[in-house]
Amino acid sequence: ASAAAIQNLAACQFDGSVQVRTNVRIEKGLPILVELLGLQDDKVVCAVTTALRNLALDPRNLELIGKYALKDLIEKLPKMDQQQRSPNISDSTIGAVLGILFEAVRSSVALTKNLHEVGGTERLRKLAKSYPAYGMRVCKYATQVLYMMWQHKDLHDLFKRSGLKEVDFYSGHTGGKHSARGDTATLSRPISSQGAERPARLRSETLDDSAESAQGRYGAMGSTAS
């Protein structure tokens, strides 16, 4: 299957896109896409992460992606002690990852908790303050995800036990909580490969849909539950 094709077909709110998001799950496409996150080719990984971001608009897909792909997605973000950005991960890929994380955080306390516990909060804070090593847009997106994390009041004690305060979730290149609040609509939109404001240079990368090894590791993602 082509990740770029899935990306575009799943990028709308029309009935056809809704059905595509369901069919990819039913046909066990999610575990194959998640397995491809481990490739070193950023063009392919960018197409895959963007496809997953659009598929995550389906609540069941989001649940499965959050359960099985969260660590792989967070690995695309910079570590706290990282001095230089990875040359193999583009801003477009990071932007798609942040779109998935935003969808997970705003939809689920449990996924937000998991994101924090696997080190996602620290990586987001690092990225939010990493301009100009990273583009202004992805730094702003990281700030938006952090802002949304703090909205889960049930997790404030967890965050505080980690030594974090409210200001830690409002810091970043955009410079404040009001800016973050006003820009969250950008991350909540599906991503198409067309348009200057969306990840560009995505081509229809033909991906091997015979990745049987993915079924072993992520077989549960092939659930047909709706």
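The values are calculated or read from the model by the stated rules, or taken from the named source; none is laboratory data. Only a predicted model underlies this, so the values are computations on that prediction, with no experimental measurement involved. Glycine also receives a Cβ, built like all others from the backbone with ideal geometry; neighbour counts cover every protein chain displayed.
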Sort out which residues of region 157-181 are outside any loop (DSSP other than H, G, I, E, B), surrounded by 12 or more Cβ atoms within 10 Å (Cβ to Cβ) and modelled with pLDDT under 60, and write them in order of number. K177, S179, A180, R181
Does any residue of region 84-96 turn out to be farther than 15 Å from C46 by Cα and either touching a helix residue (DSSP H, G or I) at 6+ places or on another chain (Cβ under 6 Å) or not hydrophobic (A, V, I, L, M, F, W, C) (or both)? yes
Candidates S86, S130, S108 - the one that is of a type in the set (S, T, N, Q), farther than 25 Å from A5 by Cα and free of Cβ contacts under 8 Å to residues at least 24 places away in the same chain: S86
Residue set A10, A51, A3; condition more than 18 Å from G120 (Cβ to Cβ), surrounded by 23 or more Cβ atoms within 10 Å (Cβ to Cβ), in contact with a Ser or Thr (Cβ under 6 Å, 6 or more places away or on another chain) and touching a residue at least 12 places away in the same chain (Cβ under 8 Å); output residue A10
